[in-house]
1. Restricting attention to the range 187-229, which residues are assigned to a loop (DSSP other than H, G, I, E, B) and surrounded by fewer than 20 Cβ atoms within 10 Å (Cβ to Cβ)?
2. In the range 171-186, what residues are part of a helix (DSSP H, G or I) and either closer than 18 Å to THR124 by Cβ or hydrophobic (A, V, I, L, M, F, W, C) (or both)?
3. Suppose we keep only residues that are open to solvent by 10 Å² or more (accessible area, probe 1.4 Å) and of a type in the set (Gly, Ala, Ser) within the range 86-100. Which one would you say is nearest to LEU29 (Cα to Cα)?
4. Within the range 143-162, can you find the residues that are touching a residue at least 12 places away in the same chain (Cβ under 8 Å), surrounded by fewer than 21 Cβ atoms within 10 Å (Cβ to Cβ) and in a helix (DSSP H, G or I)?
5. Tell me which residues, restricted to the range 230-239, are under 16 Å from LEU206 (Cβ atoms), of a type outside the set (Gly, Ala, Ser) and assigned to a helix (DSSP H, G or I).
6. Can you pull out the residues in the range 163-183 that are open to solvent by 10 Å² or more (accessible area, probe 1.4 Å) and among the polar types (S, T, N, Q)?
7. Which one of the conditions (1) assigned to a helix (DSSP H, G or I); (2) open to solvent by less than 60 Å² (accessible area, probe 1.4 Å); (3) within 29 Å of LEU140 (Cβ to Cβ); (4) among the hydrophobic types (A, V, I, L, M, F, W, C) does ALA242 fail to meet, given that it meets all the rest?
Amino acid sequence: MTAAGTESRVIEFDRPQRVLRRVIHARDLVRELVARDMKLRYKRSVLGIVWSLLNPVLQLLVFYFVFGLLLTLNIPHYPSFLFTGVLVWSWFQASLLFATGAIVDNRELIRRPGFPMAILPMVTVTSHLVHFLIAIPILLICVILDVGHVTSAVIALPLVIALQFVLTLSLAYLVATFHVRFRDTQYLLGVLLQLLFFLSPVFYDLTAIPERYRSLLVLNPLVYLIDAYRAILIHGELPSMAALAVLGVSAMGLLAVSYTVFRRASYHFVEEL
């Protein structure tokens, strides 16, 4: 065997190890940046991370007062129904709003040679995932008190959470990219999210929407996510796997496109900051 052949085999053998080292490094970096983000966010706060529970609970109380007491919607187990929608929406909304600043708010990291910029939107989505997971036990207690039980269908919950993570991350890459060049992105996004909130079944049931308009709402991926959470937690049954499969394929396709857009634009981030 020639020296060139031996060297080629060594390189091929070493390539998977290098990829593995990069993956481990990225994982550790995401963990450290998420921890940093949590510490900075609640620095000098009296209640600290308790705010991650208080915010959705306060939203729940407001919506329940309006739609559960004043304008009764006659939805069974409405506290659990509403709390589920509020938590899912809060994770989605907060992740995208904070993702607009994932690049422009981390100039010192972006200017470091070799820093993996692609992990910054991931850090934002993961940070808000932590808040979501912290609130899950409170949601489960609410469901048990309201519905009376949680069934074995809860084993499908990680799948739905993973789908929401992929969908949110794919959109986070896009808004982070656009905000570097167009600083009005965060303001426009706030308006679009407000519209999307009312087009998502957070506080109402999709069956309450007239049939002629319902076909438009089913184009909203959050409809399937929120329904999947409620099927698992409130109805105690597995969600529609066909719908989740379509959503998963669409989310992965969008992630591939948005990551490509982000990666190509990232070569000019330092110049535009």
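1. Of everything in the range 187-229, those that are assigned to a loop (DSSP other than H, G, I, E, B) and surrounded by fewer than 20 Cβ atoms within 10 Å (Cβ to Cβ) turn out to be LEU199, TYR204, ASP205, ILE209, PRO210, VAL218, LEU219, ASN220.
2. Matches in the range 171-186: LEU171, ALA172, TYR173, LEU174, VAL175, ALA176, THR177, PHE178, HIS179, VAL180, THR185, GLN186.
3. That would be ALA94.
4. Those that are touching a residue at least 12 places away in the same chain (Cβ under 8 Å), surrounded by fewer than 21 Cβ atoms within 10 Å (Cβ to Cβ) and in a helix (DSSP H, G or I): ASP146, ALA153, VAL154, ALA156, LEU157, LEU159, ILE161.
5. Across the range 230-239, the qualifying residue is only ARG230.
6. THR177
7. For ALA242, the exception is condition (2).
Condition check ((1) in contact (Cβ under 8 Å) with a residue 60 or more places away in the chain; (2) more than 20 Å from the chain's Cα centre (by Cα); (3) within 21 Å of SER80 (Cα to Cα)) across all residues:
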position: ARG214; (1), (2), (3): no, yes, no
position: LEU219; (1), (2), (3): no, no, no
position: TYR229; (1), (2), (3): yes, no, yes
position: ILE234; (1), (2), (3): yes, yes, yes
position: LEU238; (1), (2), (3): yes, yes, yes
position: ALA243; (1), (2), (3): no, no, no
position: LEU247; (1), (2), (3): yes, no, no
position: MET252; (1), (2), (3): yes, no, no
position: LEU255; (1), (2), (3): yes, no, no
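The values are calculated or read from the model by the stated rules, or taken from the named source; none is laboratory data. Keep in mind that this is a model prediction, so the values were computed, not measured. Neighbour counts are summed over all protein chains in view; Cβ atoms, including those assigned to glycine, are modelled from backbone coordinates with ideal geometry. These accessible areas exclude ligands, DNA and RNA; they are computed on the full protein's heavy atoms, side chains included. Shrake-Rupley method; radii C 1.70, N 1.55, O 1.52, S 1.80 Å.
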